[in-house]
Structure formats: structure tokens, C-alpha cells
Amino acid sequence: MSEQSIHLSADAEAHVSGMLEEGGYRNVSEYIESLIREDSLPRQRLSGIVQNRRDKLEHLAEEGLQSGPPITVDSDYWEREKQRLKESVAKKR
């Protein structure tokens, strides 16, 4: 284990002293180590979430590429889709 020196503001030092007085930590090193552990956990979880989403996106992209011939989605496409939807709704009435 290496030894490090840090400089704390008066407010930070008072906070650390308060944490030690509350009895949750035996010394400053234990408190600082717990903060570092707590800080690393969300980053690890976030990294896992990002990787899962990346994998899902890659899977969906591959699925899209394998789904058939490409189509052009332009204003004409959307006009045809609107017309198709209107006709579908009209038939149900």
C-alpha cells in the first residue's frame, strides 16, 4: 500500500472529522478508501450498461441489414404511408 498526502480545505477536513466521530470509520485512510470504492461502482455499472446497449444496437443493425432489400425513406414514402393509413382507418369505420 502506498502512502499519499492530500491537502483538504477547512470544510472538507471538518467533514472528514465528523465522519470519524460518528464512528463509521476508524481513520481517514479508511474513509477515503470507502469513497474511492463507492466512486468506482457506478462507473463500472455504467460501463456495463453502455456495453449492453452497444451490443443491442449492433444486433439490431445487423438484423436490419438482413431483413430484406433497402427502401428509400423520403417525402414520397411518408405520403404513401399516410395515404395507406387513412385508407386503413376508413375501411374500419
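What is the gain in length, in nm to one decimal, between LYS56 and GLU33 on full extension, counting 0.36 nm per residue of separation less the C-alpha to C-alpha distance?
Result for the pair: 4.8 nm of gain on full extension.
Within straight-line reach of LYS82, meaning a Cα separation under 17 Å, sit the following lysines at least 8 residues removed in sequence or on another chain: LYS91, LYS92. Net charge dipole, the chain: roughly 1160 debye, given to the nearest 20, about the Cα centre with Cβ charges of +1 for Lys and Arg and -1 for Asp and Glu. How charged is the neighbourhood of TYR25? Take every other residue with its Cβ under 15 Å from the Cβ of TYR25, and add Lys/Arg as +1 and Asp/Glu as -1. Once positives and negatives cancel, what remains is -4. Here the average projected area of the convex hull drawn through the C-alpha atoms of the chain stands at 15.3 nm².
Here, each number is a calculation from the coordinates, and none is a lab measurement. For clarity, every value in this text was computed on a predicted model and none was experimentally measured. Don't worry about glycine lacking a Cβ; one is built from the backbone with ideal geometry, like all the others, and counts go over all protein chains shown.
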